[in-house]
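The structure under discussion appears below in the form of structure tokens.
The values are calculated or read from the model by the stated rules, or taken from the named source; none is laboratory data. Given the structure is predicted, the values throughout are model-derived calculations rather than measurements. In this analysis, Cβ positions are derived from the backbone assuming ideal geometry, glycine residues included, and neighbour counts consider all displayed protein chains. Side chains are part of the model used for accessible areas, which takes the heavy atoms of the whole protein and leaves out ligands, DNA and RNA. Shrake-Rupley method; radii C 1.70, N 1.55, O 1.52, S 1.80 Å.
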Amino acid sequence: MESAIQEVLLDEKQLEAKIKDLGRILSQDYEDKNPLIICVLKGSFIFTAELVKRISIPVEIDFISLSSYGSGTESSGKVRVMKDLDVSVEGRHVLIIEDIIDTGLTMSYFTDLLIRRDAASVKVVTLLDKPERRKTDMKADYIGFTIPDAFVVGFGLDFAEKFRNLPYIGVLKPEVYS
Ligand code: PRP
């Protein structure tokens, strides 16, 4: 697995420190709001697990599975709900946890959906932001790291369903995906 990685972009220490900071900020911003945290599967499962451990206020957690990439490297532009939420978002302060915002198509679709479902507020925390690739005006409310336009994997992010279990964010060697 390691031999497919060109460089480590964010190591475990950097990720841990940033997630600790985000957890502190979110605990302050959502105090007394009883937020509903939504983990967007599959990519954000590790970030969600690490972040919620750093949030010190009561929260509820639900999961949705969205997909726009299939097994390719380019967004198809068509977002599909693979598994919907279990609970209603009506009147809830929703915090979406995402691993990466790339074109922004997934988050534009999902935030719109939650607003249509009458959430009281909808905010997004993303571990990684790739603004160079944006095709929408999507802006996350909380950003871990702004990164260049490289193919990154690890810490939940995949290439063709592999590499999610790397404990860091690495840049994939181009020969692996081209
Ligand atoms: C990835 C990632 C985001 C989305 C970001 O999901 O987890 O949800 O792409 O890309 P965008 O900003 O261009 O929409 P993917 O569809 O690959 O599914 P996965 O999370 O199951 O890997």
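Wholly within region 59-178, which strands (runs of 3 or more DSSP E) include no fewer than the required count, namely at least 1 residues that are within 16 Å of the chain's Cα centre (by Cα) and over 21 Å from Leu15 (Cα atoms)? Full working, then the answer.
Values: elements: 60-67, 80-83, 93-101, 121-129, 142-146, 169-172.
Because the criterion is at least 1 residues that are within 16 Å of the chain's Cα centre (by Cα) and over 21 Å from Leu15 (Cα atoms), the strands (runs of 3 or more DSSP E) in region 59-178 that meet it are 60-67, 80-83, 93-101, 121-129.
Can you tell me which residue is least open to solvent (accessible area, probe 1.4 Å) among those in region 101-134 that are more than 8 Å from the ligand (Cβ to nearest atom), among the acidic types (Asp, Glu) and touching a Ser or Thr at 6+ places or on another chain (Cβ under 9 Å)?
Per the criteria, the residue is Asp129.
Could you pull out the residue among Ser27, Ser44 that is more than 17 Å from Glu98 (Cα to Cα), open to solvent by less than 80 Å² (accessible area, probe 1.4 Å) and among the small types (Gly, Ala, Ser)?
Values: Ser44 fails: more than 17 Å from Glu98 (Cα to Cα).
Residue meeting the stated conditions: Ser27.
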